[in-house]
Each structure stands twice: as C-alpha cells, then as structure tokens.
Amino acid sequence: MSLKTKRLIFGILFSFFFLYTIAVDTIGTSKDDGERWLTEKAKKGKLVFQEYNCTACHQIYGLGGYMGPDLTNVISTPGKGPIYAKAFLQAGSQRMPNFQLSEEKMEELIEFLTYIDKTGISPVKKFKTNFDGTISEATK
Amino acid sequence: MKKEIGIVFIGLAFISLLGGLFFGSLSSFQFVIPGFLDSFPFVKSRPLHVSLVVAWIFLSAIGGIYYFLPKHVKLELYSDKLARIHFWIFLITGVLILTCYFIGKFGGREYWEFPPILSIPIFISWILFGINYFKTIVGKIYHWPIYLWMWATGIFFFFFTFTEAYLWVFPFFRDHIVRDITTQWKAYGALVGSWNMLVYGTAFFIMERISGDKTVAKSKLSFAMYFLGLTNLLFGWAHHIYIVPSAAWIRNVAYLVSMTELIILSKIIWNWRKSLTESVKKFHILPFRFLVASDIWIFINLVLALAISIPAVNIFTHGTHITVAHAMGSTIGINTMVLLASCFYIVQDITKTQFNSLQQKIVKAGFWITNVSLLTFFISLIFAGAEKGQMVIEDKLTFQEIMQHISPYLTVFAFAGIGIFIGLLMVIFPALRAIFRYLRGNA
C-alpha cells in the first residue's frame, strides 16, 4: 500500500467521520419529547446530579453504575413517582447515602428526573426483534 | 545521567495500577456488602478505581512511546524537556483529581467525574504530547511502520474525542438529554478506541522486536486491518446508546459497521493456525507470554463485543453486568496484558538485569493467577448480567429482588477481583523494584 493510498484512505475516513459527527449532533438528535418539561430547575437539576455523582450508582438510559436502579422512568412508574423519589433523596437508604440536600436541590433533581421521564423509556421492555437482529421501536 | 523519561512514566503507571486495583477491590466488596466501610463510600471508591486504572493505561502506553522512539525506532525525541513537562502536568493534575474524589468534590460525568476545570491541563498535556510525537517522526521516516500510524491515530483521536466528551459544557448539548447522552457515549466509544490504538500499536511494536520480523508492520494486510479497526473506532460506537431515542440510522450504521469486525475475528483464528507452534516455543519469554494472553483475550472480548452490537441481543445485555464484563475484559485482558508485555520489555532492556529465577517464578505464578481470576471474574459478570437482563425484561421482580438473585455471582466476582489484585501484585512487584533501583542508581 503506497503512502499516498494510506493518506487518502485516512483522509476520506476522517472527513466522513467529521460530517457524521455533525449529523449526529444535529439531525440525529433533534427529537426531544420532553421539551415542554425542560424548566430552568430541570436544567439545574442535571448539574446537581453531576455534583453528587449520582451516576456512580444510577443509570439513565441504562448508562451509569449498577448499584442502584435505572432512574429514567422513576417518575412515571406505577407505585413510584415524584414523592417516592423525593423520599429517597431526603433519607437515602441502606445503600444510598443521605446527601443532606437542600430543599431547592431536591426540587431541581425531581424536575430533572421528570424531564428525562418524558423523553423516552428505559429499560425497554416492549420491543419487537426482527430476523436481521434489529429491533423495532418500543411502545410505552 | 538523566533518567529515561519513559521509565519515569512507567514507574508512576505501576503505582497507579496498584492504587486502581486497591480501590477496585474495595468498591466491589462495597457493591456486595451493604454498608461495607461506609466511612469511605462507594461514590468515592468507584471513581478512584476508574481514574487510577485509566491513568495506568495512559501512563504505561505513553511511557512506552517515549522510550521506544529514541531507543529503538532511532528517532531522537523532538524535546525531552516537553516530555518532562508532560509528566509533571500529568502528575499534578492526577493528584488534584484524586484529592477531589477523596473530599467528594465531583461535577463531571462518568469516567471524568472530577470538576470540569481539571480537564484543561489534560488538554494541554495532550497538545504537548502531540507536538512532541509529530515533530519527532514527521519528515524523518518516509514509510511509517504500522505502529507509528497507530500511535499517531491514538494521539490525534484522543484529543478529538476528549474535546467531544466536554461538549456538555455548552447548553446546546447539556440541556437536551438525548443529544447529550448520544454525544457523550459517541465520544467515549471513540475515546476508548483511541487508547486501544496506542495499545495495539505497542503490541505490534513489541511483536516486531521479539520476532525480528520487520515486514509485518509494513504489510498490506496489517494496514487493511488497521483501517478496518479505524472505521470501527469512528463509526461503531453506538452499541452504548441503542436504546436512547435518537435517530434509528445511528443505531443501524453502528450495527452494520460493527459486524465487519467478524473479518478481524476470522483473521485472528487464521493466524493462530499458523503461529501456534511458534507461540509454544517462545512462551518462556516474559513479554511474549503477556502478548499471547492478550491475543486470547482479544478473541474472547471480540466475540462478546460482536454479540452486544446486535440490537436484539443488546436490549437484554445493556445496563447489566455484561457491559462490565465487556469493559473489564478488554481493559484487563487486552490493554493490561499488552502494556505489561511492553513494561517488562522495557524494564529488562534498561536495567540490563534479567530477573533471577525466584523472581521469574513469582511473575509467572502471578501471570496465571491473574488470568484464571480474570476468567472467573468475566464469567461471573456474564452470568450476573444475563440473569439481570432476563429478569428486567420479564418485569416481575423489584430491583432489590433482582439484585438479591444475582448476588452470589457478584460475590464470586468480588473474590475473583482479589485474585486479580494478588496476581498483578506478584507480576508488578519485581518490575517495580527494578525500576526504583534504576531511578535511584547511577544518577
């Protein structure tokens, strides 16, 4: 393989990657079913989530640590909901620390979780697998 | 005489690895025993574990490159001073990051949980590394052997993807959860691919040194495989976000691209047919032995990676310990084995001392303890993950009940982790001693 060919292949791959990156960051991720719930508090709640490293134990869309449950839909799961979630924030549990959060931070976290809940489903329990290994969109 | 900067990196790499293993063992027991050592909670031990082992991978890979370029590729480093500055930035930033974790100051995200301001020195250090690397090799060699390509790719794309991983500081990304998660894991997928480039480049290099065969690193087939690997690095990352509600084509592109790794898989099997007798003959050479182990782990991990790249499988395995098996299997089985091969090669090269027979025995025993423990570790994670995945989809049990069910596997996992810790301790100890002796001696 000549040097020219190698450079050409590399250049093509990188150019495609660059364009692909832009596509993913824009049209690939433009849909946001939770937009209406994206309040200022919810935006702050995300930063609180990072500040206390909730991700060490919790997942959103299955991503994060596994000591605690996935939080994507805790707000809309039957039997759970904002009051239930807040109880954990206030008291912690045997495994979850009590972070001594201020009332404000708890509210921000709850609004953040409410926003996430509206954007989709995780874990996906209802789906159709196709013969080629792909899956069809889930319904709630 | 000035000490080789590469060795300084490797010394620190070993220390990071020991720290990382310690916190890994601690956090795995905290995972299975509620309340275990609550005074130093899991929220701290987990990021300490992750950051220290990531530091091991970077320090040892970078140290190797700084060492091999002048010593064996016969290219004088563009600037030794820049390399030393690189080291100090790494060390100081590292200490600051560890301090943040110790006092519970977070603010970042998975893998980079420290306050985002500390990413700035990391950026700067990679710029310095990049300048040094490219100034050292560009224009000096016309036909770069494959490892020079791979190292260059690793450095370049690490910088690119690390930048991408920090796009969340802009509200356009941060305030849109689907976009945020998608770019985050797009970046992470390619970022891990980038450090793999550094590691695989190192593997190629060591193999060439041991076999004395310089044609492989320039062969057409090697380059074809390299470009295939690069394509996967760039486009095959989406198995992390199959269930995130972003556009379906993101999922399909990744699925399609990932399946091309079947070609890599077949090539590995094909190679084994040819090289088996050779491997048996050279197995007594320490660095070679680690490379053989990494080869087997590449095979195992590739099979798993292929499986979880199929959306219909991923839906069960995502968010379970199978993902942990995927991550640990590759970072320990592949990255650590290759990097140990490199470190042992360098330590023997620089200290000119062959390890005595007792030391060799300890290292070899450690090698086996590590690999057998890792296999146990890996299998228990697969079982835990498969059960969890199945039970989550069935949706009959609560989270606590599911965790109760898989807890026996996780107990095995935690003990196997201790096995890995002990095994690697036995492997590292003689090498670390040799490094310290070198750093203290004939100054």
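The values are calculated or read from the model by the stated rules, or taken from the named source; none is laboratory data. Here the structure is a predicted model, which means the values were calculated and not measured. Cβ atoms come from the backbone with ideal geometry, glycine included; neighbour counts cover every protein chain shown. Just so you know, the surface numbers come from the protein's heavy atoms only, side chains and all, with ligands and any DNA or RNA stripped out. Shrake-Rupley method; radii C 1.70, N 1.55, O 1.52, S 1.80 Å.
Summary of computed values
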| item | result |
| --- | --- |
| Residue in the range B:23-38 that is modelled with pLDDT under 95, farther than 22 Å from residue B:414 by Cα, touching a helix residue (DSSP H, G or I) at 6+ places or on another chain (Cβ under 7 Å) and among the aliphatic types (A, V, I, L, M) present | no |
| Single unsatisfied condition, residue B:343 versus (1) closer than 26 Å to residue B:151 by Cβ; (2) touching a residue at least 60 places away in the same chain (Cβ under 8 Å); (3) within 14 Å of chain A (Cβ to nearest Cβ) | (3) |
| Condition check for residue A:22: more than 8 Å from chain B (Cβ to nearest Cβ), open to solvent by 60 Å² or more (accessible area, probe 1.4 Å), free of Cβ contacts under 8 Å to residues at least 60 places away in the same chain and farther than 30 Å from residue B:322 by Cα | yes |
| Single residue of B:278, B:261 found to be of a type in the set (D, E, K, R) and open to solvent by 70 Å² or more (accessible area, probe 1.4 Å) | B:278 |
| Given (1) exposed (fewer than 15 other Cβ atoms within 10 Å of the Cβ); (2) over 16 Å from residue B:179 (Cα atoms); (3) more than 7 Å from chain B (Cβ to nearest Cβ), index of the condition residue A:10 fails | (1) |
| Test for residue B:40: is it assigned to a loop (DSSP other than H, G, I, E, B), within 27 Å of residue B:407 (Cβ to Cβ), open to solvent by 10 Å² or more (accessible area, probe 1.4 Å) and touching a residue at least 12 places away in the same chain (Cβ under 8 Å) | yes |
| Test: residue in the range B:17-24 that is open to solvent by 10 Å² or more (accessible area, probe 1.4 Å) and not hydrophobic (A, V, I, L, M, F, W, C) | yes |
| Inter-residue pairs, beta-carbon under 7 Å, first in the same structural domain as residue B:343 (by TED's automatic domain parsing) and in the range B:404-432, second outside any helix (DSSP H, G or I), 6+ apart | B:430/B:355 |
| Looking only at the range B:215-236, and only at residues there that are more than 10 Å from chain A (Cβ to nearest Cβ) and in a loop (DSSP other than H, G, I, E, B), the one that is farthest from residue B:309 (Cα to Cα) | B:215 |
| Test: residue B:62 is touching a residue at least 24 places away in the same chain (Cβ under 8 Å) and assigned to a loop (DSSP other than H, G, I, E, B) | no |
| Residue identified as in contact with a Pro (Cβ under 7 Å, 6 or more places away or on another chain), polar (S, T, N, Q) and at negative phi among B:93, B:99 | B:93 |
| Lone qualifier among A:26, A:119, A:72 - being within 16 Å of residue B:180 (Cα to Cα), β-branched (Val, Ile, Thr) and in contact with a Gly (Cβ under 6 Å, 6 or more places away or on another chain) | A:119 |
| Spans of helices (runs of 4 or more DSSP H) in the range B:70-179 with at least 2 residues crowded, with 18+ Cβ neighbours inside 10 Å and more than 13 Å from chain A (Cβ to nearest Cβ) | B:80-103, B:119-137, B:146-165 |
| Pick from the range B:187-214, criterion free of Cβ contacts under 8 Å to residues at least 60 places away in the same chain and part of a loop (DSSP other than H, G, I, E, B), ranking: nearest to the other protein chains (Cβ to nearest Cβ) | B:213 |
| Any chance residue B:220 is out of contact with any strand residue (DSSP E or B) (no Cβ under 8 Å at 6 or more places or on another chain), among the basic types (Lys, Arg) and without any contact (Cβ under 8 Å) to a residue 24 or more places away in the chain | yes |
